[in-house]
Amino acid sequence: MILTRSFVRAKQPCSAGFRWFVRHFGEAGNYQELLDKLVADGRVGDACWLLERFGPTSERRVVDEMAAEAMVFAGTLEVRGSVDIDGPLLIGGSLRAQGGLRVGGELKTGADLRVDGNIRTGGKLTVLGDLHAGWGIACADELRCDGDLRTGWGLHCGKSLRIAGNASIGHDLEAENDVHCGKGIHAGGDIRVANNLQAGQGIATGGSIHAGRHLMAGWGIRAGAGIGAGGSIRVGESLTAGEAIRAGAGYGVFAGLDVQQENWESCARVSAAERPDLLLSGCWAGPEAGRG
């Protein structure tokens, strides 16, 4: 893909960036060569701007390992081993790594991100497709996934977590701000969220669930241990916990918000070790059979 001088100018680059382009490439330059040269000259911000304006390419690159200060690649990248980037890593297409992945800055992919080992980022993690990690994910900043998210181990997010599809977490899910999932959340361990936890469908976990503020699910919630929130607990259907269900002081517990009251006994059951305080909707069913 060749970018001409007039084509680049039409995107209204900054004056310093455009002078750099003319000085190094004259009337035209290869898109990926431009990105590589910008990164090599320490102009990573300009390379990110160029990728954002001109988008991904169909180029596919396969390498054994990857280690660099920073990288901006417009195509799809496949790494047979591990990826180790000190600064930002931006990929226009998909990224696949058969080892682990460490990025000291921001990590963004224009399509899927699939890593067989751990994923660790020091900045934002943005995936405009599916996100799959064979082991765990540790993101120091915001995490956004526009598809489904799946990890073999746990997930820790240093700020907000937003997933458009389903989330399947092998062990614990932890977030230091809000969690919003467009579909369902399933975790093998505990779910701990500092602020609001919201799922468009259901939430299921083998351990406990705690949200620092409100806890909401469009369908039901099932936890192997306790369910707690600093604010209200609201579900469209049923609510089941192996231990206690506790909302914040003065806040209510609401089940069956999307179910007609005459159907609460079958579709809006609330089951826990003890009846929750301020259970304001739903049908109290007592402890599950075999518990208590």
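For the chain, what proportion of DSSP beta bridges, expressed in % and rounded to the nearest 5, is antiparallel? Mind dumping the intermediate values first?
On the way: 3 of 98 bridges.
Close to 5 percent.
Extent of segment 121-168 along each principal axis, from alpha carbon coordinates, in Å, largest to smallest?
Sorted from largest, the Cα extents of segment 121-168 read 22, 20, 12 Å.
With only alpha-carbon pairs counted, each pair once and no self-pairs, how large is the Kirkwood hydrodynamic radius of segment 197-244 in angstroms?
Hydrodynamic radius (Kirkwood, Cα pairs) of segment 197-244 is 10.2 Å.
I'd like the orientation of helix 44-54 relative to the chain: the angle between its Cα long axis and the longest Cα principal axis, in ° from 0 to 90, rounded to 10.
It is inclined by approximately 80 degrees.
Please compute the net charge surrounding T151, taking Lys and Arg as +1 and Asp and Glu as -1 over other residues with Cβ under 15 Å from its Cβ.
Net of charged neighbours comes to -4.
Please compute the Kirkwood hydrodynamic radius over segment 210-271, one decimal place, Å, based on all pairs of different Cα atoms.
Working: mean 1/r = 0.0882 Å⁻¹.
When all Cα pairs of segment 210-271 are included, the Kirkwood radius is 11.3 Å.
Taking the Cα centre of the chain as origin, work out the dipole magnitude from +1 charges on Lys and Arg Cβ and -1 charges on Asp and Glu Cβ, in debye rounded to 20. Write down the numbers at each step before the final one.
On the way: 30 positive and 34 negative charges, 128 e Å.
For this selection, approximately 620 debye.
What is the distance in Å between the Cα centres of segment 224-262 and segment 45-64?
46
Mind listing the phi-derived Karplus ³J(HN,Hα) values for segment 112-128, rounded to whole Hz, using 6.51, -1.76 and 1.60 with θ = phi - 60°, and x for any glycine or proline?
Coupling constants for segment 112-128: 6, 10, 10, 10, 6, x, 7, 10, 9, 10, x, x, 5, 10, 10, 10, 8 Hz.
Assuming R0 = 45 Å, what is the FRET efficiency of E59 and E288, from their Cβ-Cβ distance, to the nearest 0.05? Could you put the intermediate results ahead of the total?
Working: r = 55 Å, r/R0 = 1.21.
Working from the Cβ atoms, E equals 0.25.
Could you quote the convex hull projected area for the chain, Cα atoms only and averaged over all directions, in nm²?
Details: hull surface 68.5 nm².
Directional mean of the projected Cα hull area for the chain stands at 17.1 nm².
Projecting each Cα onto the charge dipole of the chain (Lys/Arg +1, Asp/Glu -1 at the beta carbon, about the Cα centre), which of L35, V79, V235 comes out farthest on the positive side?
L35
Going toward the positive end of the dipole of the chain, with +1 on Lys and Arg Cβ and -1 on Asp and Glu Cβ, which of H214, H171, S271 do you reach last?
Of the options given, the answer is H214.
For segment 170-292, what is the convex hull volume of its Cα atoms per residue in Å³?
81
Report, by chain and number, residues whose modeled amide H sits under 5 Å from the one on L257, excluding near sequence neighbours (fewer than 5 apart, same chain).
When sequence neighbours closer than 5 places are left aside, the close amide H contacts are V235, G236, E237.
Calculate the dipole size of segment 101-217 relative to its Cα centre from +1 charges on Lys and Arg beta carbons and -1 charges on Asp and Glu beta carbons; express the result in debye to the nearest 20.
On the way: 12 positive and 13 negative charges, 18 e Å.
With only Lys, Arg, Asp and Glu charged at Cβ, the dipole is about 80 debye.
Give me the percent of Cα-Cα pairs in segment 56-153 that sit more than 21 Å apart, rounded to a whole number.
Here the long-distance tail beyond 21 Å is 16 percent of all Cα pairs in segment 56-153.
Only the coordinates and a few stated rules stand behind these numbers; no lab work does. In this text, all values refer to a predicted model and were calculated from it rather than measured experimentally. Neighbour counts are summed over all protein chains in view; Cβ atoms, including those assigned to glycine, are modelled from backbone coordinates with ideal geometry.
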